[in-house]
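A short worksheet on the structure shown next.
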Amino acid sequence: MAKARGNRHQGKRSSTVVLVLSMLLMLSVVLLMLLGLGILSLPIGSDEGLSAIGDHIKLKRLKIDAKNEGNGLGERTEQWTEILSWEPRAFLYHNFLSKEECEYLINLARPHMVKSTVVDSKTGKSKDSRVRTSSGTFLRRGRDKVIRNIENRIADYTFIPAEHGEGLQILHYEVGQKYEPHYDYFIDEFNTKNGGQRIATVLMYLSDVEEGGETIFPAAKGNFSSSLGLSECGKKGLAVKPRMGDALLFWSMRPDASLDPSSLHGGCPVIKGNKWSSTKWMHVGEYRV
C-alpha cells in the first residue's frame, strides 16, 4: 500500500514538472514572436530613451547589420519602435529609412507627380476629389534594388510578404494641402478582387515638416493628452508628426479579421514647409501587379 501511494505521489510530481516545462516553452515562443515583431526587444547600450513619453511606450530594437539587410542605401541611425495605440493598432518605427533612401524616392518620383486621386468604390478607377489635395505618383513594386530592399524591410517588419503589397505611392503636400479622414480598407467587392482586403498600411515620412502635416487618427481610443508642437488639426485625436525616415504602421483589420473603424485617419494641412511621404498598402492575399 505504501509503495502504491509513493507511485501516485511520484506521478503527480512528474505531471507538475511537465506542466511547468510546457508553460515555459509557450512563454518562450510568445517572447520570440514579440521580439520578431519588434514589439519587444533586448536593451542595447544605455537605458536612455526607454522611458515612456506621455501615454506612448518606446522600445528599442536590436541593431541589424546592414549587410544582412540587403545593403540598403545610406546608413540608418539607431532604430526603435514606439507603441502608439492598440485601437487602432499603430506603431512608429523610428529611422526606418535612411536620409539617402528618402531623397532617392523623392528624386525618383518628382518628375512624375500629378494631382492625387481617390479610388471609386463602384468602378475601382481613380477619380478626382476635394478631400485629397496633394500630388502623387506610384513606383512599381520591385522596380529597382533600392525599392526592393525597402519592400523587403517592410515585409520583415510587418510579417506580411512583399508580394501582398501594392507599389509604393509617393505623395507631396504643399502649404494648405491635406487629406481628409478616411479608411484604407474597402467597403465594396470590386476593389478586393485583387489580393483581398487591405489589412495594414506603412506610411513612411520622407521629409520633416516645419508646422502641420500630422497624420491624425480622430477615432483612436485612449488618452492622447500631449499636444506639444501640434497644429489645431493635430489636437483632435492621436497625431503623429512627420519626421524624415520614420515609418508609421497601422492595421485596418483587427486580429479576428474584422474591419477596424478606429483606423480612420487623415493628413492635417501643411502650415509651413513641405511634406513628402510614401505609402505601402498591404493586402490579405497576394496582390498582382
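The values are calculated or read from the model by the stated rules, or taken from the named source; none is laboratory data. Since the model is a prediction, treat every value here as computed from it, not as a measurement. Backbone-built Cβ (ideal geometry, glycine too); neighbour counts: all protein chains shown.
Selection of region 161-177 for residues being outside any strand (DSSP E or B) and small (G, A, S) yields A162, G167, G176.
Need at least 2 residues that are surrounded by 18 or more Cβ atoms within 10 Å (Cβ to Cβ) and free of Cβ contacts under 8 Å to residues at least 40 places away in the same chain per element, so show me which strands (runs of 3 or more DSSP E) inside region 196-289 make the cut, counting only ones lying wholly within it. Please lay out each step first, then the result.
Working: elements: 198-205, 215-217, 238-240, 247-251, 265-267, 270-272, 275-283.
It comes to none.
Mind telling me which of the residues I39, I64, I44 ends up being over 30 Å from D144 (Cβ atoms) and modelled with pLDDT under 55? Before you say what the answer is, go through the steps one by one.
Numbers: I39 fails: modelled with pLDDT under 55; I64 fails: over 30 Å from D144 (Cβ atoms).
One residue alone meets the criteria, I44.
Looking across region 100-133, just one residue is part of a loop (DSSP other than H, G, I, E, B), out of contact with any Lys or Arg (no Cβ under 8 Å at 6 or more places or on another chain) and at pLDDT 70 or above, and that is M113.
Please determine whether any residue of region 245-263 is in contact with a Leu (Cβ under 7 Å, 6 or more places away or on another chain) and of a type in the set (F, W, Y). There is no residue in region 245-263 that is in contact with a Leu (Cβ under 7 Å, 6 or more places away or on another chain) and of a type in the set (F, W, Y).
Residue count for region 167-185 under the criterion of being surrounded by fewer than 18 Cβ atoms within 10 Å (Cβ to Cβ) and at negative phi: the result is 7.
Kindly indicate whether Y179 is under 17 Å from S278 (Cα atoms), aromatic (F, W, Y) and at pLDDT 95 or above. It is false that Y179 is under 17 Å from S278 (Cα atoms), aromatic (F, W, Y) and at pLDDT 95 or above.
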